[in-house]
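*Asks:* Take this structure first; my questions come after.
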Amino acid sequence: MSTAPVLLAASMQACAQRIAKLTQSIKNTRHLFPLTAATAATMTDDDEESLDALILRYSQCVSMIQDQVFRGIAYLEQEDISDKSNREKSLLMEKLGVIQSAEEIGTAAMLRNKFSHHYPDQSEARIARINLLAVECQIVLGAFDTITVYLHRKGFSWAS
């Protein structure tokens with residue numbers, strides 16, 4: 001018996017937990033948006049911690065969807081993605097009907113990459129990236145919902 005369904009179920013459960021934490025972080029930081037240079041300068045330590053948690057959870061969700069969930073779905077669909085880039089995997093997932101937009105997942109990944117390769121500061125560029133989170137988090141939440149619907153439609157149950 002293949003371990004792929006078990007691994008996909010574990011990936012979906014782990015991703016669902018991260019999605020729940022992301023949702024909580026969105027609620028905890030809602031009052032900070034839209035962020036400006038002036039409001040960034042007056043953020044409390046708790047606000048900064050909450051914003052850091054939002055960025056971390058967003059990044060984790062994007063990575064889990066791209067690296068674990070897409071791989072598990074591709075295996076179940078008997079698609080070889082071993083030599084595919086993340087962009088190609090996203091395009092395949094769009095073609096299969098797993099996600100609505102490969103472009104949106106690509107944009108989410110680019111934002112994740114920008115956060116992981118820049119040091120925390122209050123520059124205008126960083127503030128603009130943080131403000132993008134308000135939109136991009138909703139896209140990631142929507143993508144996870146679409147993935148869940150796809151898996152249920154395929155008869156794959158992962159919830160415990």
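*Asks:* Apply the Karplus curve 6.51 cos²θ - 1.76 cosθ + 1.60, θ = phi - 60°, to the phi angles in the range 149-158 and return the couplings in whole Hz, x for Gly and Pro.
*Replies:* So the J values, rounded to whole Hz, are 4, 4, 5, 5, 4, 7, x, 9, 9, 10.
*Asks:* Tell me, what HN-Hα J-couplings in whole Hz come from the Karplus equation 6.51 cos²θ - 1.76 cosθ + 1.60 at θ = phi - 60° for each residue of the range 106-116, using x for Gly and Pro?
*Replies:* x, 5, 4, 5, 4, 5, 4, 5, 5, 5, 7
*Asks:* Write out the GluC sites (Glu not before Pro) in the range 63-111 meeting two conditions: DSSP loop, and at most 15 other Cβ atoms within 10 Å of their Cβ.
*Replies:* Glu77
*Asks:* Something else about it: Roughly how many nanometres apart are two label points built 7 Å out from the Cα toward the Cβ at His31 and Arg153?
*Replies:* Between His31 and Arg153, the label points sit 4.1 nm apart.
*Asks:* Find how much the distance from Ser85 to Asp67 grows on full extension, using 0.36 nm per residue of separation minus their present alpha carbon separation; answer in nm with one decimal. Provide the component values of the computation, followed by the final result.
*Replies:* On the way: separation 18, 0.36 × 18 = 6.48 nm, distance 1.04 nm.
Value of the extension gain: 5.4 nm.
*Asks:* For the range 85-160 and the range 51-67, compute the distance between their C-alpha centroids and round to whole Å.
*Replies:* Comparing the Cα centres of the range 85-160 and the range 51-67, I get a distance of 9 Å.
*Asks:* What full-extension length gain, to one decimal in nm, is calculated for Leu96 and Leu56 as 0.36 nm per residue of separation minus the Cα-Cα distance?
*Replies:* On the way: separation 40, 0.36 × 40 = 14.40 nm, distance 2.88 nm.
Gain on extension, Leu96 to Leu56, equals 11.5 nm.
*Asks:* Where Lys and Arg each count +1 and Asp and Glu each count -1, what net charge lies around Ser82 among other residues with Cβ under 12 Å from its Cβ?
*Replies:* Once positives and negatives cancel, what remains is -1.
*Asks:* Please arrange Met12, Met110, Met43 by how many other C-beta atoms lie within 10 Å of their C-beta, fewest to most.
*Replies:* Details: Met12 25, Met110 12, Met43 15.
Starting with the residue having the fewest Cβ neighbours, the order is Met110, Met43, Met12.
*Asks:* For Ser116 and Met43 in one chain, what is 0.36 nm times their gap in residues minus the Cα-Cα distance, to one decimal in nm?
*Replies:* Contour length minus Cα-Cα distance gives 24.1 nm.
No lab work stands behind these numbers, since they all come straight from the coordinates. Quick caveat, the model's predicted, so the values are computed rather than measured. Here Cβ is always computed from backbone atoms with ideal geometry, including for glycine, and neighbour counts include all displayed protein chains.
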